[in-house]
Amino acid sequence: VRMLFALHMIDKPASLELRQRLRPAHRAHLDLIADRLAIAGPLLDEGGAMAGSLIVAEFADRAAVEDWLANEPFTVGGLYARVDIRPFRNVYPQRAGFAEV
């Protein structure tokens, strides 16, 4: 049985160039779990620049989340200053925030 996990990750200061460089590999790694993603996208600073990541996806357990995250390019590349992983229960249908096309 899979459950949802929320991954809240904050970039190290002044790391936008690193994020941009690693972004194609990061997106490819997200494709590995595309069928299990509830939501994924960059967190923004007050000026609208990317400053972190938010991912909510189904995993078997926390160990599976940590295994996936250990190979994630932003993690491997040292982008994140802080990572918080929490089990998540979606109790309200999504009505806003659909992916930009």
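The values are calculated or read from the model by the stated rules, or taken from the named source; none is laboratory data. Since the structure is predicted, the reported quantities are computational estimates derived from the model, not experimental observations. Don't worry about glycine lacking a Cβ; one is built from the backbone with ideal geometry, like all the others, and counts go over all protein chains shown. Heavy atoms of the whole protein, side chains included, go into the accessibility calculation; ligands, DNA and RNA do not. Shrake-Rupley method; radii C 1.70, N 1.55, O 1.52, S 1.80 Å.
Taking the Cα centre of the range 26-101 as origin, work out the dipole magnitude from +1 charges on Lys and Arg Cβ and -1 charges on Asp and Glu Cβ, in debye rounded to 20.
The calculation lands at about 200 debye.
How big is the chain along each principal axis, measuring the range of its Cα positions in Å and listing the largest first?
Principal axes ranked by extent give 38, 30, 23 Å for the Cα atoms.
Sort the range 47-101 into rounded, prolate or oblate with this rule: let a ≥ b ≥ c be the square roots of the eigenvalues of the Cα gyration tensor; rounded if a/c is under 1.5, and if a/c is not under 1.5, prolate when a/b is larger than b/c, oblate otherwise.
It comes out oblate by the Cα gyration axes.
What FRET efficiency do you get for Glu46 and Asn71 if R0 is 30 Å and r is their Cβ-Cβ distance, rounded to the nearest 0.05?
0.45
Long-range amide H contacts for Ala81: which residues qualify at under 5 Å (H placed 1.01 Å from N, peptide plane, sequence gap of 5 or more or a different chain)?
Counting only residues 5 or more places away or on other chains, the set is Ile10, Asp11, Lys12.
Give me the number: length gained by fully extending Leu18 to Val91, i.e. 0.36 nm times residue separation minus the C-alpha to C-alpha distance, one decimal in nm.
22.7 nm
Which order do Met50, Met9, Met3 take when ranked by solvent-accessible area (1.4 Å probe, heavy atoms of all protein chains), largest first?
Highest to lowest solvent-accessible surface, that is Met3, Met50, Met9.
Can you give the helix-only mean residue ellipticity at 222 nm for the chain, where every DSSP H stretch with n ≥ 4 adds -39500 (n - 2.57) and the sum goes over all residues, rounded to the nearest 500 deg cm²/dmol?
Using -39500 (n - 2.57) per qualifying helix, the result is -8500 deg cm²/dmol.
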